[in-house]
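Down below is the structure, laid out as structure tokens.
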Amino acid sequence: MQLFIFDDYESLSHRAADEIISLVKQKPNAVLCLAAGNTPVLTYKYLVQKARDENIDFSNCVFIGLDEWVGIPPENEGSCAWFLRKNIFNNLNFLPSRIHLFDALAVDLHTECNAMDRVIFYAGGIDLMVVGIGMNGHIGFNEPGTSFDLYSHISQLDATTRLVGQKYFKEQTSLGLGLTLGLKHLLESKKVVLLANGRSKADIIQKALLGEINPAVPASIIRRHTESIIMIDKEVASHLKQKDN
Ligand code: GLP
């Protein structure tokens, strides 16, 4: 695991975008899993700029969606699908046939999860995951207490996620379940980049990086991954004190 602390959100986002660009240059058919959420918005803006400047082709890449709110249609601005379309797919030349997102309206959610696992398996695994961290330490919708040993699954969203998640929606929205890749996917991914910025993430990052590696703080799993990079800004790092011995 490597930890990089940046002066600000801008420099963090540039570095994260460079990570994606450099992989796609090296492996044009890379399998990418790029999270939705507020944290990576600037990363994706820079990614689009850099891809244009350097003429990077994403048409051979495979895109795997990290998670989705069950019951929320892709036309809803709060859905992960809507976010990804706006910030990534509308601006980079991913082929629709190589974009795999959870269908949050699927009648059989278990089948949906199994289908996603098969896609990842037959694609040869994920090359790079870029993820954020929830206020409760979740990654994707792997909520506190979720086994590190799961692939895609249906998640019962906890109270924090249901509350914090309202920020993505125009109106009060009932959120109960999520579909998510599992933490086993993260462990098996060839590389993982975890992004966090702003003071509100300082406490949970401190727990994830300095507390026990334990499902109670799902993001702590990142320390089990040898090729993981944590990118945080100074505000997040301000709470990162060594544990008392
Ligand atoms: C959300 C999503 C995650 C996201 C995380 C942090 O609920 N399920 O995939 O990475 O929480 O979101 P944000 O970047 O908006 O803080």
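Any read-out appearing in this document is the output of simple, stated calculations on the displayed coordinates, not a laboratory observation. Given the structure is predicted, the values throughout are model-derived calculations rather than measurements. Here Cβ is always computed from backbone atoms with ideal geometry, including for glycine, and neighbour counts include all displayed protein chains.
Derived scalar couplings between HN and Hα for the range 173-189 equal 10, 7, 10, x, 10, x, 10, 8, 5, x, 6, 5, 4, 5, 4, 8, 5 Hz in order, rounded to whole Hz, by the Karplus curve 6.51 cos²θ - 1.76 cosθ + 1.60 (θ = phi - 60°), x for Gly and Pro.
For the range 2-239, what is the percent of antiparallel DSSP beta bridges, rounded to the nearest 5? Around 30 percent of the beta bridges assigned by DSSP in the range 2-239 are antiparallel ones. Here the scattering of the chain is modelled by Debye summation over its C-alpha atoms, one equal scatterer each and no solvent; at q = 0.07, 0.09, 0.16 Å⁻¹ the log10 of I(q)/I(0) is -0.20, -0.34, -1.20. Each Cα pair of the range 120-232 feeds into the Kirkwood radius, which the Stokes-Einstein equation turns, at 20 °C and 1.002 mPa s, into a diffusion coefficient of 149 µm²/s.
To make sure I understand, if each residue's beta carbon is the centre and we count other beta carbons within 10 Å, what order do Glu188, Glu75 fall in, fewest to most?
Numbers: Glu188 15, Glu75 9.
Neighbour counts put them in this order, fewest first: Glu75, Glu188.
May I ask for the net charge around Gly134, where only other residues with Cβ less than 10 Å from the Cβ of Gly134 are counted and Lys, Arg are +1 while Asp, Glu are -1? Cβ neighbours under 10 Å give a net charge of -1. Database remark: amide H of Ser155 closer than 5 angstrom to the amide H of Gly178, Leu179, Thr180 (H placed geometrically; neighbours at sequence offset of 5 or more, or on other chains; Pro and chain starts carry no H). Take every Cα pair under 8 Å whose residues are at least 6 apart in sequence, average their separation, divide by the length of the chain, and the relative contact order is 24 percent.
Amide hydrogen proximity for Val130: with H placed 1.01 Å from N in the peptide plane, the residues at 5 or more positions away or on another chain lying under 5 Å are Cys33, Leu34, Ala35, Val193. Residues in the range 63-68 carry Karplus couplings, in order, of 10, 10, x, 7, 7, 7 Hz; the curve used is 6.51 cos²θ - 1.76 cosθ + 1.60 with θ = phi - 60°, and Gly or Pro positions show x. Segment Thr111..Gln156, full-extension length gain: 14.5 nm, with 0.36 nm per residue of separation and the alpha-carbon distance subtracted. Taking other residues whose beta carbon is less than 14 angstrom from the beta carbon of Glu10, and scoring Lys, Arg as +1 and Asp, Glu as -1, yields -1.
Using the Cβ of Thr161 as centre and a radius below 14 Å, the other residues enclosed give a net charge of -2, where K and R count +1 and D and E count -1. For the chain, a simple Cβ point-charge model (Lys and Arg +1, Asp and Glu -1, everything else neutral) yields a dipole of about 360 debye relative to the Cα centre.
Just want the answer: with Cβ charges of +1 for Lys and Arg and -1 for Asp and Glu, which residue in Leu34, Ser59, Leu23 is farthest toward the dipole's positive end in the chain? Positive-most Cα among the choices belongs to Leu23.
Taking θ as phi - 60° and the Karplus parameters 6.51, -1.76 and 1.60, the scalar couplings of the range 147-162 work out to 4, 6, 9, 9, 8, 4, 7, 8, 10, 7, 6, 7, 4, 4, 5, 5 Hz in sequence order, x denoting glycine and proline.
Distance cut-off 27 Å, Cα to Cα: go down the list Lys45/Lys167; Lys50/Lys184; Lys25/Lys86; Lys25/Lys234; Lys207/Lys234 and report the pairs above it. Before the final figure, lay out each step's value.
Numbers: Lys45/Lys167 20 Å; Lys50/Lys184 31 Å; Lys25/Lys86 23 Å; Lys25/Lys234 30 Å; Lys207/Lys234 16 Å.
Lys50/Lys184; Lys25/Lys234, as the Cα separations exceed 27 Å there.
Given H placed 1.01 Å from N in the peptide plane, which residues other than close sequence neighbours of Leu150 have an amide H under 5 Å from its amide H? Placed amide hydrogens put Leu183, Lys184 under 5 Å from Leu150.
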